[in-house]
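Below is one structure, written out as structure tokens, with a few remarks after it.
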Amino acid sequence: MDLINSVLNLFVPPASLITLAFSWPALCFLHACEWLYNTVYGDNMDGKVVIITGASSGIGEQIAYEYALRRACLVLVARREHRLRGIAENARRMGARHVMIVAADVVKEDECRRFVNETINFYGRVDHLVNTVSLGHTFYFEEVTDTSVFPVLLDINFWGNIYPTLVALPYLHRTNGRVIINASVESWLPLPRMSLYAAAKAALVNFYETLRFELRDEVGVTIATHGWIGSEMTSGKFMLEEGAEMQWKEEREMNVIGGPVEEFARLMVAGACRGDAYVKYPSWYDVFLLYRVFAPNVLNWAFRLLIAPQGTKRTSSYVGTGRSLEGRPMLEAPSPRTALLAPYSFSGGGQLS
């Protein structure tokens, strides 16, 4: 058996790459045909009911506007009810049939049951469930001394998506509905200072990949994966329990230009309505996955050169490290295109929103 594995290890990777290279044109053609068919015959969301978690800002807010343009009925869920009121009014002006707002914490199963039940009691159905809650960080794992942040990160990034899905699935079965997930390229692309976030996103993606097979197309699953985009996560905000927005000046290894959050939201909703299994923004990130599988050392060398050329560690995020935040200057929110991640930050509205 060891001999067989040795032979397969030698021949299967190059043979697979050659096969992929020759089949790529045919696969692109089939994908284009499928995209065209699904675009013409995709879901008409006029009057359909959409629950959006983490809808108080960022990706969640923009997704609400995209569904509003499609004349859907919206249920906007987040912790910041005052933010939801303004977004609901904007969505109504943009064409939403009806908008309901619910202040809830999606890491609590009973609150998830509450807003799903309120949706069913009012509308009688659920067609799309869009999970956008996400919480990031930029600290080195070995510098953490206050581990109380660990369950917060994992609860929001994982359970904050799982609980709404669990309670909504019986109603999504009735409508042959769809679950849409806001994932991230960090689920498979290694980046420093994002270990827990990346682990939670990887668990999330693997959960929904498995769930897709369990549901057998009775309920669709769309996994949307984004790289660096302009959101509250990239603009450097984080939320305290009381809801106060704060930001700390950071020193970063690398400035990254993020894409517009509106474009990602548009692609995410369009893909969900077409019934796409995946939405990727930008799609060229996928080439790094090939390097990770077939030439991981090349990927590691490249990232070491690009991200940490100075060769030293400096903690820009003090959250979870046990260090005092006193004396660090408060700043206004900068342009979302000037920074990578906040010390304790939100993408798509965030759970503690």
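The values are calculated or read from the model by the stated rules, or taken from the named source; none is laboratory data. None of the values given here were measured: they were computed from a predicted structure. Ideal geometry is used to build each Cβ from the backbone, glycine not excepted, and the neighbour counts take in all protein chains shown. Surface accessibility is based on the protein's heavy atoms, side chains included, excluding ligands, DNA and RNA. Shrake-Rupley method; radii C 1.70, N 1.55, O 1.52, S 1.80 Å.
Structural remarks
- Some residue of region 146-169 being without any contact (Cβ under 8 Å) to a residue 60 or more places away in the chain, farther than 30 Å from Ala302 by Cβ, open to solvent by 10 Å² or more (accessible area, probe 1.4 Å) and of a type in the set (S, T, N, Q): no
- Once region 203-229 is narrowed to residues that are part of a helix (DSSP H, G or I) and among the hydroxyl-bearing types (Ser, Thr, Tyr), the residue that is surrounded by the most Cβ atoms within 10 Å (Cβ to Cβ) is Tyr208.
- Filtered residues of region 193-211 (kept if touching a Phe, Trp or Tyr at 6+ places or on another chain (Cβ under 6 Å) and either modelled with pLDDT of 90 or more or of a type in the set (Phe, Trp, Tyr) (or both)): Ala200, Ala203, Leu204
- Every residue from region 171-202 that is open to solvent by less than 40 Å² (accessible area, probe 1.4 Å) and in a helix (DSSP H, G or I): Leu172, Thr175, Val185, Glu186, Ser187, Leu196, Tyr197, Ala198, Ala200, Lys201, Ala202
- Considering residues of region 279-291 that are surrounded by 15 or more Cβ atoms within 10 Å (Cβ to Cβ) and of a type outside the set (A, V, I, L, M, F, W, C) only, the residue farthest from Ala224 (Cα to Cα): Tyr291
- Residue count for region 97-123 under the criterion of being open to solvent by 50 Å² or more (accessible area, probe 1.4 Å), more than 21 Å from Ala200 (Cβ to Cβ) and not hydrophobic (A, V, I, L, M, F, W, C): the result is 8.
- The single condition among (1) open to solvent by less than 80 Å² (accessible area, probe 1.4 Å); (2) within 18 Å of Gly275 (Cα to Cα) that Arg70 does not meet is (1).
- Conditions (1) surrounded by 13 or more Cβ atoms within 10 Å (Cβ to Cβ); (2) outside any helix (DSSP H, G or I); number of the one not met by Asp46: (1)
- Exclusive hit being within 18 Å of Ala265 (Cα to Cα), at pLDDT below 95 and hydroxyl-bearing (Ser, Thr, Tyr), set Ser134, Ser148: Ser134
- Test: residue in region 63-80 that is closer than 27 Å to Arg193 by Cβ, assigned to a loop (DSSP other than H, G, I, E, B), touching a strand residue (DSSP E or B) at 6+ places or on another chain (Cβ under 9 Å) and of a type outside the set (Gly, Ala, Ser): yes
- Selection from region 92-109 of residues that are closer than 16 Å to Ala72 by Cβ, of a type in the set (D, E, K, R) and assigned to a helix (DSSP H, G or I): Arg92, Arg93
- Of the residues examined, Arg178 is one that is basic (Lys, Arg) and modelled with pLDDT of 90 or more.
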